[in-house]
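S.K.: The structure's right below; bear with me while I get my questions together.
The values are calculated or read from the model by the stated rules, or taken from the named source; none is laboratory data. All values reported here derive from a predicted model rather than from experimental measurement. Every residue, glycine as well, gets a Cβ built from its backbone with ideal geometry; the counts of neighbours run over all protein chains shown. Protein only, heavy atoms only, side chains kept; ligands, DNA and RNA dropped before computing areas. Shrake-Rupley method; radii C 1.70, N 1.55, O 1.52, S 1.80 Å.
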Amino acid sequence: MAADTLFHRITDYAHRADPYPLYAELREEGVVRQEDGSYLVGTYHEIEALLHDPRISSDRRKRTVPDETALAEQGLPPAFIGLDDPEHHRLRSLTMRSFGPPHTPDRISGMHDEITRIVKDLLGTFPGKERLDVVDDFAYPLPVTVICRLLGVPIEDEPRFRAWSDDIVAGIDPTPGEDPEARPRAAVEARKEMGLYLGELAEKRRAHPSDDMLSAFVGDGSGGQLTPLEIMTTSVLLLIAGHETTVNLITNGVLTLLRHPEELARLRSDPALMPRAVEELLRYEPPVHMLPQRTPLADIEVAGVTVPKGAPLILMLASGNRDPRRFRDPDRFDPAREDNQHLGFGSGIHSCFGAPLARLEAQIALHGLLQHLDAPRLLEDPPPYRRSPVLRGPRHLLIEDGRSGGRERR
Amino acid sequence: MRGEPRDGRIVVVGASLAGLRAAETLRDEGFAGSLTLIGEEPHPPYDRPPLSKQVLLGKAPADRTGLPRRRPVDAEWRLGVRATGLDPVGKEVLLADGGKVPFDRLLIATGTRARPWPKPAEAALDGVFTLRTSEDAGRLAERLDAGPGRVLVIGAGFTGSEIASACRERGLAVTVAERGPAPLVGALGGTLGALAAKLQRAHGVDLRCGVTVTALEGDGRLTGAQFSDGTRIDADVAVVALGAVRNTEWLAESGLAAGPRGVTCDAGCRAFDMYGIVTDDIFAAGDVARFPHPLFEYQLLSLEHWGNAVAQAEVAAHNMVNPGPRRRPHLTVPAFWSGQFGLNIKSVGVPTFSDQVVIAQGSLKDARLVAVYGYRGRVTAAVSVNQAKALEYYQRLIETAAPFPPAQGAADQIESPEPVPSDVPDPKMLSHGPTVALTGHLPDRRLTLVQPAR
């Protein structure tokens, strides 16, 4: 095994439940070079600057350090999240046409009632259960149902794409030194299969269009059109980004609130605080902890360190979110925090375009759950975590409700 | 000390964006005294950017662009009456209706008005418009609804170009007359001016550069116009878009450093008197103010930008109710945007404060780019076309006085990164002799220091 570098410890599963002390160490050390030649940045202002720097590429094919690039080229080309402008802009704009402003400004706000209904349906399955797994019973099914509706994917196919999705997420784990071939290879295969599956679904929409994004992709896109290959890569990205992150946002939210009962009580009595509370969750326990795929296109100086052209550059968003040079009292969970320009959705040209949907889902879900549960209690703290250090969140979150458990009422 | 600045009488002259935001900030910061807002227009404060865009396109009525209120301001509103004078010793604002409003502290936020067509008889022809107020926009929109045969736009700055764009979007025939070599040249220089010219023509505008309108013709109604190159056109609507005039005439006898270039104030928004002495109870903010900016060699800038009006009003209001050590400077990096001919144009810094420009990202051919401006080897501005997200990076370069040209290597750097002359009006001309810089008076009115008789 390689030496016990900071990045090894961050990605080590043993630290998954609480990586924040390691992030503090990272911020202390500044820009940290790893023995494999990659660079870690964990301070807010530096990350923010790099996210806006046009000389930072998101296309891993621009790396000079060999990685799985050759392998990746056997599969689908990168989706726009892994491309630079102007290609990134073209694909992102074409995709946005059926998702948000200016072409479809009401698509997301128009889903408010539907999301509320899905939340209600899920909560309706709770009575009779003494114990709940917040992940399996609530936080996972909600975003999956929503993104399936939005894209036009049959929810019955969930077991199929769940397996692919697991492999793809495992593939972006930058766990150093460990099985360097197997997981990326599985990810490439899964991405190809998922792409073919979604491409076929989209093709079927050509003859029978409906009010979903796959139909829009194959429809009459005045002002540009995605190619069949681009439809495949884009749909895979949306399906995965649409649920692998929101599940963590909701679960991390429930966990955090249960750990802060006074804030939970406050939110329960003043639901108008919820939008700001979700912003604070995105800062305090964000679903995406790092962007592992940036590459400088020139030698770039970051906080006194020259990051050479072509080196892997890893931006530790969750660390920046807790940088005391940016946020007052950063380790404090404060749902009423005003100055809260967090990095939860990234920033710059790649800033998450699903953000309005994620916010809406988390707000409705947490509100619904808080109003529904009577005296919820954590059964396991810390809970077991998912493997990924990138998309970080509990695998299960077992809770017991005072009401269904027959305990005393508040 | 605490408490005292939060009491007394504050008068704000100018009830538009800057005046409203200042009033809100005063109350936010605990000002508990009496607050009076004086406005020449009869309407409560409204937003102007939509007037040359959504309103002319018929997408929003002219009288529905009211500014959102961020909080109640508990003020006396004196609307529909013009301030005609200021007595700085007796501390009174004089009104056109003969009224006098006493103050302890005063904020001047009278903004600008449209520069009128210089020949009054021609300006009075039916069909000749300016565009500054919501009434202007309402009348012009109504005339465009009627489907005029041809619209003449005089001046191709941002307002003129936006008007031309709205007309073309409505399918109206448009002629644009611009004295300079291209549209937007005065604000953005030659490179983007050439792009704007190309786009206007591609959108069917009859663009005539390097000419002036020598006469507007008609007998009661506008029928056409003559140009300095000897040609003429038929037109039944003409919009005069020749920039703005600062509303400072009412301050002529006030002893303040107020003139055609604005009301000169310090970085804390305190007005100077005509001897260059800073006042402590008279403040200025918004389009009418002229202030020294450290990023631009402390030149006195007047900015006709929405964001500047907001930011400067907030600083002025803060400083009006806080003692010296707690006061803040107004140092925000200037920024503005425009929408025209399908383009989103956004600017940070001061593009006219430049000698060179380079296309740092994207390309002119795709009309999606970032142009970066430099002056004497440092970055002073950046303008994006359909690429607004890129600007934050360049704003940081401006704030840190980064060297020009900026470092190469942008992922979407397509065109040759060779800087070319920016072709803006000479930046040195932005500056003036010391007396003018201090007072804002033009040199034709030399100052004499009068010694009081013993």
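S.K.: What fraction of the DSSP beta bridges in chain A is antiparallel, stated in percent and rounded to the nearest 5? Don't skip to the answer; put the middle values down first.
M.R.: Numbers: 17 of 20 bridges.
Beta bridges within chain A, antiparallel portion: roughly 85 percent.
S.K.: Also, I was wondering about something else. Considering the convex hull of the alpha carbon atoms of segment B:342-421, report its projected area averaged over all viewing directions, in nm², one decimal.
M.R.: Details: hull surface 18.9 nm².
The number I arrive at for segment B:342-421 is 4.7 nm².
S.K.: Using the heavy atoms of the protein chains alone and a 1.4 angstrom probe, what is the accessible area of the protein assembly as shown per residue in square angstrom?
M.R.: 42
S.K.: I would also like to ask the following. Can you tell me the 0 to 90 degree angle between the C-alpha axis of helix B:158-169 and the longest principal axis of chain B, rounded to 10?
M.R.: 50
S.K.: Calculate the spin-label point distance for A:Leu378 paired with B:Arg378, positioning each point 7 Å from the Cα along the beta-carbon direction, and give it in nanometres.
M.R.: Once both label points are built, they end up 5.1 nm from each other.
S.K.: Now a separate question. Using a 1.4 angstrom probe on protein heavy atoms only, which residues from segment A:262-300 are buried by at least 20 Å² of accessible area when all chains are present rather than their own chain alone?
M.R.: Those are A:Leu297, which lose 20 Å² or more relative to the chain on its own.
S.K.: If you don't mind, another one. Just round it to a whole percent: the fraction of Cα-Cα distances in the protein assembly as shown exceeding 38 Å.
M.R.: Tail of P(r) above 38 Å: 52 percent of Cα pairs.
S.K.: Explain nothing, just the number: dipole magnitude of segment A:3-400 about its Cα centre with +1 on each Lys and Arg Cβ and -1 on each Asp and Glu Cβ, in debye rounded to the nearest 20.
M.R.: 540
S.K.: Ignoring ligands, DNA and RNA, what percent of the accessible area of segment B:163-271 is carbon or sulfur (1.4 Å)?
M.R.: 49
S.K.: How many percent of the accessible area of chain A is carbon or sulfur, using a 1.4 Å probe? Each step should come with its number before you reach the end.
M.R.: Working: 9060 of 17140 Å².
Of all accessible area on chain A, carbon and sulfur atoms account for 53 percent.
S.K.: Measuring from the lowest to the highest alpha carbon on each principal axis, how far does segment A:309-410 reach, largest first, in angstroms?
M.R.: Sorted from largest, the Cα extents of segment A:309-410 read 62, 32, 28 Å.
S.K.: Go through segment B:277-367 and name the trypsin sites (Lys or Arg not before Pro) that are in a DSSP coil and have 14 or fewer other Cβ atoms within 10 Å of their Cβ.
M.R.: Sparse-neighbourhood loop trypsin sites (Lys or Arg not before Pro): B:Lys365.
S.K.: Helix B:190-202 versus the longest principal axis of chain B: what angle, 0 to 90°, nearest 10, using Cα atoms?
M.R.: Tilt relative to chain B: about 60 degrees.
S.K.: Provide a list, ordered by number, of residues in segment A:30-63 showing at least 10 Å² less accessible area with every protein chain present than when their chain is taken on its own, using a 1.4 Å probe.
M.R.: Going by heavy-atom accessible area, the residues of segment A:30-63 that drop by at least 10 Å² are A:Glu48, A:Ala49, A:His52, A:Asp53, A:Pro54, A:Arg55.
S.K.: Sequence-distant or interchain residues sharing an amide H contact under 5 Å with B:Thr112, placed H: which?
M.R.: Sorted by chain and number, the residues that satisfy this are B:Asn247.
S.K.: Follow-up question, since we're still on this one. I need the P(r) histogram for segment B:178-321: all alpha carbon pairs, bin width 5 Å from 0 out to the longest distance, whole percents.
M.R.: All Cα pairs, binned at 5 Å, distribute as 2, 9, 13, 14, 13, 10, 11, 11, 9, 6, 2, 0 percent.
S.K.: Near B:Lys53, which lysines are there with a Cα under 18 Å away, not counting those fewer than 8 places off in the same chain?
M.R.: Of all the lysines, those that pass the test against B:Lys53 - Cα under 18 Å, at least 8 places apart if same chain - are B:Lys346.
S.K.: Here's something else I'd like to know. Using only alpha carbon pairs under 8 Å that are at least six residues apart, calculate the relative contact order of chain B and give it in whole percent. Don't skip to the answer; put the middle values down first.
M.R.: Details: 1072 pairs, mean separation 64.5, N = 454.
About 14 percent, as a whole number.
S.K.: Starting from the amide H of B:Leu207, placed 1.01 Å from N in the peptide plane, find each other amide H under 5 Å away whose residue is 5 or more places distant or on another chain.
M.R.: Excluding prolines and chain starts, which carry no amide H, the hits are B:Val176.
S.K.: Per DSSP H run of at least 4 residues, take -39500 (n - 2.57); add these up for the protein assembly as shown, divide by its residues and hand me the 222 nm value, nearest 500 deg cm²/dmol.
M.R.: Calculated at 222 nm, the ellipticity per residue is -9500 deg cm²/dmol.
S.K.: I would also like to ask the following. Take every DSSP beta bridge whose two residues both sit in the protein assembly as shown, then give the antiparallel share in percent to the nearest 5.
M.R.: Just about 65 percent of them are antiparallel.
S.K.: Given +1 on the Cβ of Lys and Arg, -1 on the Cβ of Asp and Glu, and no further charges, what dipole in debye does segment B:115-242 carry about its Cα centre, rounded to the nearest 20?
M.R.: Charge dipole, segment B:115-242, about its Cα centre: 360 debye, nearest 20.
S.K.: Please report, to two decimal places, log10 I(q)/I(0) for chain A at q = 0.09, 0.12, 0.13 Å⁻¹ as given by the Debye formula with identical point scatterers on the Cα atoms and no solvent.
M.R.: Listed by q, the Debye log ratios stand at -0.55, -1.00, -1.19.
S.K.: Binning at 5 angstrom from zero up to the longest distance, how are the C-alpha pair distances of segment B:241-372 distributed in percent?
M.R.: 2, 10, 17, 19, 17, 13, 9, 6, 4, 2, 0
S.K.: Keeping to pairs on different chains or 8 or more places apart, tell me how many lysine pairs in chain A have Cα atoms under 24 Å apart.
M.R.: So the count of such lysine pairs works out to 4.
S.K.: What list of ³J(HN,Hα) values in whole Hz, one per residue of segment B:36-45 in order, does the Karplus curve 6.51 cos²θ - 1.76 cosθ + 1.60 (θ = phi - 60°) give from phi, with Gly and Pro shown as x?
M.R.: 10, 10, 10, x, 6, 7, x, 8, x, x
S.K.: Evaluate the charge dipole of chain B about its Cα centre and quote only its size in Debye, nearest 20, assuming +1 on the Cβ of each Lys and Arg and -1 on the Cβ of each Asp and Glu.
M.R.: Around 520 debye, computed over chain B.
S.K.: With a 1.4 Å probe on protein heavy atoms only, work out how much accessible surface B and A bury together, total over both chains, in Å² to the nearest 100.
M.R.: Buried surface at the B/A interface: approximately 1300 Å².
S.K.: Among B:Thr352, B:Leu364, B:Pro421, whose Cα sits farthest toward the positive end of the charge dipole of segment B:342-421 (+1 at Cβ of Lys/Arg, -1 at Cβ of Asp/Glu, about the Cα centre)?
M.R.: Looking along the dipole axis, the top candidate is B:Thr352.
S.K.: Continuing with the same structure: Compute the Rg to Rh ratio over chain B from the alpha carbon atoms, using the Kirkwood formula for Rh, and round to two decimal places.
M.R.: Result: Rg/Rh = 0.98.
S.K.: Of all DSSP beta bridges located in chain B, what percent are antiparallel, nearest 5?
M.R.: 60
S.K.: Report the dimensions of segment B:115-242 along its three principal axes from the alpha-carbon atoms, largest first, rounded to Å.
M.R.: 40, 29, 24
S.K.: Moving on. Restricting to Cα pairs below 8 Å that are 6+ residues apart, what does the relative contact order work out to for segment B:115-242? Please round to a whole percent.
M.R.: It comes to 33 percent, rounded to a whole number.
S.K.: Follow-up question, since we're still on this one. Select from segment B:368-382 all residues whose loss of accessible area on going from the chain by itself to the full protein assembly reaches 50 Å² or more (probe 1.4 Å).
M.R.: Those residues are B:Arg368.
S.K.: Another question, if that's okay. Take the Cα atoms of segment B:1-143, build their convex hull, and give its volume per residue in Å³. Spell out each step's value before the answer.
M.R.: Working: hull volume 17.7 nm³, N = 143.
About 124 Å³ per residue, rounded to a whole number.
S.K.: Where a ≥ b ≥ c are the square roots of the eigenvalues of the C-alpha gyration tensor, would you call segment A:113-164 rounded, which needs a/c under 1.5, or, failing that, prolate if a/b is larger than b/c, or oblate? Walk me through the numbers before you get to the answer.
M.R.: Details: a/c = 2.74, a/b = 1.42, b/c = 1.93.
Note, shape of segment A:113-164 comes out oblate.
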